[in-house]
Amino acid sequence: MSRQIHIGKLTLGGGAPVRVQSMTNTDTMDTRATVEQALRMVEAGCELVRITAPDVKAAENLGRIKEELLRRGCEVPLVADIHFNPKAAEVAATLVEKVRVNPGNYTDRNTGKLEFTDQEYNDELKRIGERMASLIDICKRHHTAMRIGTNHGSLSERIMSRYGNTPEGMAQSALEFAQVCEAQDYHDLVFSMKASNVKVMVDSTRLFVQKMHALGMDYPIHLGVTEAGDGMQGRLKSAAGIGALLLDGIGDTIRVSLTEDPEAEMPIAYDILQAVGARITQPEYIACPSCGRTQYDIQRALKEIKAKTKHLVGVKIGVMGCIVNGPGEMADADYGYVGSGAGKITLYKGKTVVKRDIDQKDAVDELVRFIEADRQH
């Protein structure tokens with residue numbers, strides 16, 4: 001289990017729920033548009049709102065965005081996304097609850113150098129510590145958290161010279177920044193290994209966590225397949241990468257990166273968390289694809305059951321075509337709706353039959369009534 005840190009009033013890691021976050025795509029200098037989008041994201045379930053701060057003016061405007069959100073009753077923590085501008089990071093760290101820096105292009109930037117001696121490599125690491133000192137001091141004084149977010153494809157030339165554009169390079173890049181922060185007694189850290197390639201993202205995250213634990217570190221992990229795209233492909237890539245790591249027990253916050261309005265990401269994030277059992281926010285349905293043995297309209301029944309039970313958070317309902325596989329394959333369901341003949345349905349509580357051979361036209365309402373009555377006892 002990771003250590004727990006605080007991002008404003010929000011807890012992250014250490015047994016807290018896996019947090020869902022996203023990022024605005026408005027112009028940060030357009031306060032109204034950014035606030036309105038952030039409110040839509042929060043309404044959709046976003047618990048951390050990230051906003052780009054490419055320069056000092058944008059970083060300063062985060063304060064106005066924060067003030068307007070608070071005026072409108074929204075206390076969501078804000079994360080400043082920093083790439084090339086250390087001064088913007090320092091300004092943002094005084095105004096919002098978290099900053100994100102990319103080790104590959106934050107301070108560790110070179111000018112086309114392809115080879116580094118051990119001395120040159122270590123000298124550069126020393127300079128990174130010196131350049132990070134001011135930001136770390138500000139973060140400590142303002143209780144601001146920091147995400148060290150490594151991206152595949154934006155590793156520094158120094159890292160590339162020794163490790164190449166590999167999961168090893170990504171993990172090492174983040175670990176070096178972790179050691180810089182620890183040397184200055186700063187520990188409000190989150191780490192991420194992002195890639196548009198699902199395998200690279202999974203491999204680099206697993207490798208980083210392994211190396212981090214070997215060094216006695218236990219920081220929270222942010223998961224996401226960056227630049228996943230849109231539509232079904234974006235959703236499937238995100239589910240594959242994020243889901244695989246969550247099933248490993250890795251991950252404290254997630255972001256589904258879609259080329260769509262950011263509020264579209266939250267339903268997918270919660271679906272992924274539900275699917276792997278990491279965070280239960282809705283009912284779950286076990287439903288067979290049906291076959292020639294099914295003698296009722298299972299597709300229609302499932303849609304009707306979902307519509308009438310969507311408020312039953314955490315309840316698991318099995319909707320099965322027939323008794324051949326139905327009762328066994330829905331064995332861990334709380335309640336079951338199983339075809340038992342031509343247009344006939346049998347209802348279950350767990351593995352126990354509660355009512356047999358109900359006409360299909362009445363069976364969904366019977367199921368809902370039974371569940372609601374049973375849950376009141």
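The values are calculated or read from the model by the stated rules, or taken from the named source; none is laboratory data. Remember, predicted model here, so these are calculated numbers, not experimental data. Backbone-built Cβ (ideal geometry, glycine too); neighbour counts: all protein chains shown.
Brief remarks on what is shown
- Condition met for SER173 (surrounded by 22 or more Cβ atoms within 10 Å (Cβ to Cβ), more than 19 Å from ARG255 (Cα to Cα), assigned by TED's automatic domain parsing to the domain that holds THR117 and of a type outside the set (Asp, Glu)): yes
- Residues of the stretch 130-153 classified as in a loop (DSSP other than H, G, I, E, B) and surrounded by fewer than 17 Cβ atoms within 10 Å (Cβ to Cβ), total: 2
- Filter pass, GLY104 being in a loop (DSSP other than H, G, I, E, B) and touching a residue at least 40 places away in the same chain (Cβ under 8 Å): yes
- Test for PRO17: is it in the same structural domain as ILE136 (by TED's automatic domain parsing) and closer than 26 Å to LEU155 by Cβ: no
- Residues of the stretch 1-54 satisfying the condition of being assigned to a strand (DSSP E or B) and among the hydrophobic types (A, V, I, L, M, F, W, C): ILE5, ILE7, LEU10, LEU12, VAL20, MET23, LEU48, VAL49, ILE51
- Scoring CYS181 on the criteria (1) over 18 Å from the mean Cα position of the chain (by Cα); (2) on the phi > 0 side of the Ramachandran plot; (3) not β-branched (Val, Ile, Thr) leaves a single failure, condition (2).
- Between ARG255, ARG293, ARG300, the distinction of being assigned by TED's automatic domain parsing to the domain that holds THR26 and of a type in the set (Lys, Arg) belongs to ARG255 only.
- Whichever residue in the stretch 341-368 is among the small types (Gly, Ala, Ser) and over 16 Å from ALA287 (Cβ atoms) and, among such residues, is modelled with the lowest pLDDT: GLY341
- Residue in the stretch 155-162 that is more than 29 Å from GLY251 (Cα to Cα) and assigned by TED's automatic domain parsing to the domain that holds GLN184 present: yes
- Considered as a group, the residues in the stretch 310-346 that are of a type in the set (Asp, Glu) and within 29 Å of the chain's Cα centre (by Cα) include one that is surrounded by the most Cβ atoms within 10 Å (Cβ to Cβ), and that residue is ASP334.
- From the list ILE305, ILE298, ILE242, the lone residue that is over 22 Å from LYS349 (Cα atoms), crowded, with 16+ Cβ neighbours inside 10 Å and not hydroxyl-bearing (Ser, Thr, Tyr) is ILE242.
- The stretch 74-94, residues that are within 24 Å of the chain's Cα centre (by Cα) and part of a loop (DSSP other than H, G, I, E, B): CYS74, GLU75, VAL76, PRO77, HIS83
- Among the residues of the stretch 226-265, those that are over 22 Å from ASN102 (Cβ atoms) and either of a type in the set (Asp, Glu) or within 12 Å of the chain's Cα centre (by Cα) (or both) comprise ASP230, ALA239, GLY243, LEU246, ASP248, GLU260, ASP261, GLU263.
- Members of the stretch 37-96 that are at negative phi and free of Cβ contacts under 8 Å to residues at least 12 places away in the same chain: GLU67, LEU70, ARG71
- If the condition is being crowded, with 21+ Cβ neighbours inside 10 Å, among the aliphatic types (A, V, I, L, M) and outside any strand (DSSP E or B), then the stretch 215-238 contributes only ALA228.
- Scanning the stretch 171-204 for residues that are in a helix (DSSP H, G or I), of a type in the set (D, E, K, R) and under 26 Å from LEU258 (Cβ atoms) gives LYS199, ASP203.
- Residue in the stretch 274-289 that is under 18 Å from VAL198 (Cα atoms) and crowded, with 21+ Cβ neighbours inside 10 Å present: no
- When ARG72, ARG50, ARG32 are checked against the criterion of being over 25 Å from LEU258 (Cβ atoms), modelled with pLDDT of 95 or more and of a type in the set (Lys, Arg), ARG72 stands alone in meeting it.
- Residue satisfying condition, being out of contact with any His (no Cβ under 6 Å at 6 or more places or on another chain) and surrounded by fewer than 14 Cβ atoms within 10 Å (Cβ to Cβ), within set ARG127, ARG158: ARG127
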